[in-house]
Every structure is written in C-alpha cells, then in structure tokens.
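**Q** Sharing a structure with you now.
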Amino acid sequence: MKTKGILAAVITLSAHGAMAAQPVSEQDSLGNDATDTTLHAVRTAPSPATSTNASTIVNVGNISTFQNLLPANSARKGCTIQNPPDATETLYVNVAEVTTSATPAHSYQLTPGGVFSCIQGGIVITDRINVSAATTGHAFVSTSQP
C-alpha cells in the first residue's frame, strides 16, 4: 500500500542555484513502502556573504612543506581556491591537518586550472586549509566568505 503525502527528500543546491532532489524512502507502520515519489519544489535563497581575496603565493617550494591559507572558522560560508590555468605544476590543498602533519598524499591535488571549493555536498568545510607546491612563489587564486 502506498500512501500519499509530503515525505522527506534530499535537496542538493549547487553554487549556481541548480537544484536536484531525491526522495527518501520510508516505510509505514506496517512495513509497506510509503515513499512519495512526487517531488515537491523547495525554493531556497543563497545567504549573502562578502568575499575576501586570500590570493597569495607559496612561501616555501617543497611539496612536503604546507603553509596555512585559511584558519579554521566556524562562521565560514564558503571558499574557492584555483590553481591558475597557466600554472606549470600541481597545487596541493590540505584540509584540517596542522601544517606540520599535512602531506601531499592526504591532500587534494589541483592540476593547472583545477578548482577546490569549501562547499562539498551542501556542507561548508570550516576546518583549517593549507596549501603547498613544488616551487617557491607559485601563485594561486583564493577567496573566502568570510
């Protein structure tokens, strides 16, 4: 027996406002499938935030030496890091580890043109974010809100 009604759905909203929804399967008290496969539109609005330009360069060229780019911030609403398309090497982005413990193996590897976003699956990463590259002076682009 299938019941009708508004049940839960997982809503994913991209940075560009695209929305995807997937119904959450539920059962009624008798164990019957009670999933409402009709998706009900939910309109959301992004929360305004002022961006801070955090673009800089790698201070020590050694992929095993990380520098802190963004400290942990529980109020962070987002951030973006890009290894410029004209870069000639990989930029490593490490999340949560202290700089002395960070390693390339535990890092996101941004090839030239690659982008890292602090918003992953609708969750904002508020941990500290560290970066590294092989060459001293490796420039990269970064913004943070706030």
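The values are calculated or read from the model by the stated rules, or taken from the named source; none is laboratory data. Here the structure is a predicted model, which is why all the values come from computation and not from measurement. Note that each Cβ is placed from the backbone with ideal geometry, even for glycine, and that neighbours are counted across all protein chains shown.
**Q** Evaluate region 65-88: report whether one residue or more is surrounded by 11 or more Cβ atoms within 10 Å (Cβ to Cβ), among the acidic types (Asp, Glu) and either in contact with a Lys or Arg (Cβ under 9 Å, 6 or more places away or on another chain) or modelled with pLDDT of 95 or more (or both).
**A** There is no residue in region 65-88 that is surrounded by 11 or more Cβ atoms within 10 Å (Cβ to Cβ), among the acidic types (Asp, Glu) and either in contact with a Lys or Arg (Cβ under 9 Å, 6 or more places away or on another chain) or modelled with pLDDT of 95 or more (or both).
**Q** Right, next: Do any residues in region 64-92 that are free of Cβ contacts under 8 Å to residues at least 12 places away in the same chain have Cβ atoms under 6 Å from those of residues that are hydrophobic (A, V, I, L, M, F, W, C) and exposed (fewer than 12 other Cβ atoms within 10 Å of the Cβ), where the two are at least six apart or on different chains, and which pairs are they?
**A** Correct list of pairs: empty, since none qualify.
**Q** Taking region 76-127 only, how many residues are over 29 Å from residue 48 (Cβ atoms) and either of a type in the set (Ser, Thr, Tyr) or touching an Asp or Glu at 6+ places or on another chain (Cβ under 8 Å) (or both)?
**A** Summing the residues that are over 29 Å from residue 48 (Cβ atoms) and either of a type in the set (Ser, Thr, Tyr) or touching an Asp or Glu at 6+ places or on another chain (Cβ under 8 Å) (or both) in region 76-127 gives 11.
**Q** Also: Just to be sure, is residue 102 surrounded by 19 or more Cβ atoms within 10 Å (Cβ to Cβ) and in a loop (DSSP other than H, G, I, E, B)? Working first, answer last.
**A** Working: surrounded by 19 or more Cβ atoms within 10 Å (Cβ to Cβ): yes; in a loop (DSSP other than H, G, I, E, B): yes.
Against the criterion (surrounded by 19 or more Cβ atoms within 10 Å (Cβ to Cβ) and in a loop (DSSP other than H, G, I, E, B)), residue 102 qualifies.
**Q** Looking at 108, 92, can you tell me which residue is touching a helix residue (DSSP H, G or I) at 6+ places or on another chain (Cβ under 6 Å) and either assigned by TED's automatic domain parsing to the domain that holds residue 139 or farther than 16 Å from residue 126 by Cα (or both)?
**A** After applying the criteria, what remains is 92.
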